[in-house]
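Participant: Have a look at this one.
The values are calculated or read from the model by the stated rules, or taken from the named source; none is laboratory data. Worth saying up front: this structure is predicted, and the values here are computed from it rather than measured. When we count neighbours, we look across all protein chains shown, and the Cβ atoms used for this are built from the backbone with ideal geometry, even at glycine. The protein model used for the area step is the full one, side chains on, heavy atoms only, and it has no ligands, DNA or RNA in it. Shrake-Rupley method; radii C 1.70, N 1.55, O 1.52, S 1.80 Å.
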Amino acid sequence: MVFTPLLASTTVGTLDPRSVAVHITDIQKALFWPQNSLYIAEATAVLPDKKVVQARSDDGVMFEVAYDKLVVATGSQGSTFGIPGVLEHTHFLRDVHQ
């Protein structure tokens, strides 16, 4: 979880990156419960008839995750607020690695 309004301060050294980012398991302790899991991977296919999501990890390993209920969160996109030239001359900060 990243507090994006402060990301710019990490690029110039005003803040340490650890000050604006927290791992999701630090916020949601229930992810450590045996019945819950967290997968950081790319979903490659959803098979609703089998109730399975096919995924690929960062190191290329393919795997499947069965589900009872599925929520699809598509992410977000930065807003230019209609200002001309923003897309051509800026770099959106969304993650500490950027």
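Participant: Any residue that is surrounded by 12 or more Cβ atoms within 10 Å (Cβ to Cβ), among the charged types (D, E, K, R), without any contact (Cβ under 8 Å) to a residue 40 or more places away in the chain and not assigned by the TED database to the domain that holds residue 6 - is there at least one of those in the range 47-55?
Facilitator: Yes, there is a match, as at least one residue in the range 47-55 is surrounded by 12 or more Cβ atoms within 10 Å (Cβ to Cβ), among the charged types (D, E, K, R), without any contact (Cβ under 8 Å) to a residue 40 or more places away in the chain and not assigned by the TED database to the domain that holds residue 6.
Participant: What residue, among those in the range 12-56 that are of a type outside the set (A, V, I, L, M) and touching a strand residue (DSSP E or B) at 6+ places or on another chain (Cβ under 7 Å), is farthest from residue 74 (Cα to Cα)? Lay out the reasoning, then the answer.
Facilitator: Of all residues in the range 12-56, those of a type outside the set (A, V, I, L, M) come to 13-14, 16-19, 23, 25-26, 28-29, 32-37, 39, 42, 44, 48-51, 54, 56.
Checking the rest, the ones that are also touching a strand residue (DSSP E or B) at 6+ places or on another chain (Cβ under 7 Å) come to 39, 42, 44, 51, 54, 56.
On the way: 39: 16, 42: 12, 44: 13, 51: 19, 54: 16, 56: 17 Å.
The qualifying residue farthest from residue 74 (Cα to Cα) is 51.
Participant: Moving to a separate point now. If you check every pair at least six apart or on different chains, which have Cβ atoms under 6 Å apart with a residue in the range 69-82 that is open to solvent by less than 100 Å² (accessible area, probe 1.4 Å) first and a residue that is aromatic (Phe, Trp, Tyr) second?
Facilitator: From residues that are open to solvent by less than 100 Å² (accessible area, probe 1.4 Å), the pairs are 78/92.
Participant: Based on this model, can you work out whether residue 10 counts as open to solvent by 100 Å² or more (accessible area, probe 1.4 Å), under 19 Å from residue 92 (Cβ atoms) and not aliphatic (A, V, I, L, M)? Step through it out loud before you land on a result.
Facilitator: Details: open to solvent by 100 Å² or more (accessible area, probe 1.4 Å): no; under 19 Å from residue 92 (Cβ atoms): yes; not aliphatic (A, V, I, L, M): yes.
For residue 10, the condition - open to solvent by 100 Å² or more (accessible area, probe 1.4 Å), under 19 Å from residue 92 (Cβ atoms) and not aliphatic (A, V, I, L, M) - is not met.
Participant: Also, quick follow-up: Which of the residues belonging to the range 14-38 are closer than 21 Å to residue 53 by Cβ and open to solvent by less than 100 Å² (accessible area, probe 1.4 Å)? It would help to see each step written out before you state the result.
Facilitator: As a first pass, look at the range 14-38 and keep what is closer than 21 Å to residue 53 by Cβ: 24-25, 28, 30-31, 33-38.
Once the filter is applied, which keeps residues that are closer than 21 Å to residue 53 by Cβ and open to solvent by less than 100 Å² (accessible area, probe 1.4 Å), the range 14-38 yields 24, 25, 28, 30, 31, 36, 37, 38.
Participant: Go through the range 58-68 residue by residue and tally those that are open to solvent by 100 Å² or more (accessible area, probe 1.4 Å) and not charged (D, E, K, R).
Facilitator: Residues of the range 58-68 that are open to solvent by 100 Å² or more (accessible area, probe 1.4 Å), as a first pass: 58-59, 62, 64, 68.
Now restrict to residues that are not charged (D, E, K, R): 62.
Total satisfying the criteria: 1.
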